[in-house]
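Working notes, beginning with the structure itself.
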Amino acid sequence: MKKILAVIAFALHALVLTPSAFADDMTTGEIVKVDESAQKITIKHGPLKHLDMDHGMTMVFKAIDPAMLKMVKPGDKVKFEAQRVQGQLTVMKMEKGK
Ligand SMILES: [Cu+2]
């Protein structure tokens, strides 16, 4: 029984890890504007092929986590992952670049 549970736990683990590994599509960008009241962030970004943006552009994203808005300021270089969430382009993950 213990062995079976271990196998199930392992399989679940793989299921959880795999999609995020594939979705890990970090793009570089530069913060243009941070709008805390609207929970939105304007980023000048490189191509986002998975969102049909073959070229870089400046655009507004929703921030999935309000903490992101406090983390960065205009002019900061970032790496971020964007996805379409309920029709809205949303920053899912963001880290400061060097
Ligand atoms: Cu864009």
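The values are calculated or read from the model by the stated rules, or taken from the named source; none is laboratory data. Quantities reported herein were computed from a predicted structural model and do not represent experimental measurements. We place every Cβ from the backbone using ideal geometry, glycine too, and count neighbours over all the protein chains shown.
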task = Scan K98, K3 and give me the residue that is of a type in the set (D, E, K, R), part of a loop (DSSP other than H, G, I, E, B) and modelled with pLDDT under 95.
result = K98
inquiry  = Name the single residue that is surrounded by the fewest Cβ atoms within 10 Å (Cβ to Cβ) among those in the stretch 51-94 being under 18 Å from D35 (Cα atoms), in contact with a strand residue (DSSP E or B) (Cβ under 6 Å, 6 or more places away or on another chain) and among the charged types (D, E, K, R).
reply    = K77
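Every residue, every condition in (1) outside any loop (DSSP other than H, G, I, E, B); (2) in contact (Cβ under 8 Å) with a residue 12 or more places away in the chain; (3) under 11 Å from the mean Cα position of the chain (by Cα), yes or no:
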residue	(1), (2), (3)
D25	no, yes, yes
K33	yes, yes, no
I43	yes, yes, no
T58	yes, yes, no
L69	yes, yes, no
G75	no, yes, no
A82	yes, yes, yes
query = Hey, A38 hits all of (1) assigned to a helix (DSSP H, G or I); (2) of a type in the set (A, V, I, L, M, F, W, C); (3) modelled with pLDDT of 60 or more but one; which does it fall short on?
reply = (1)
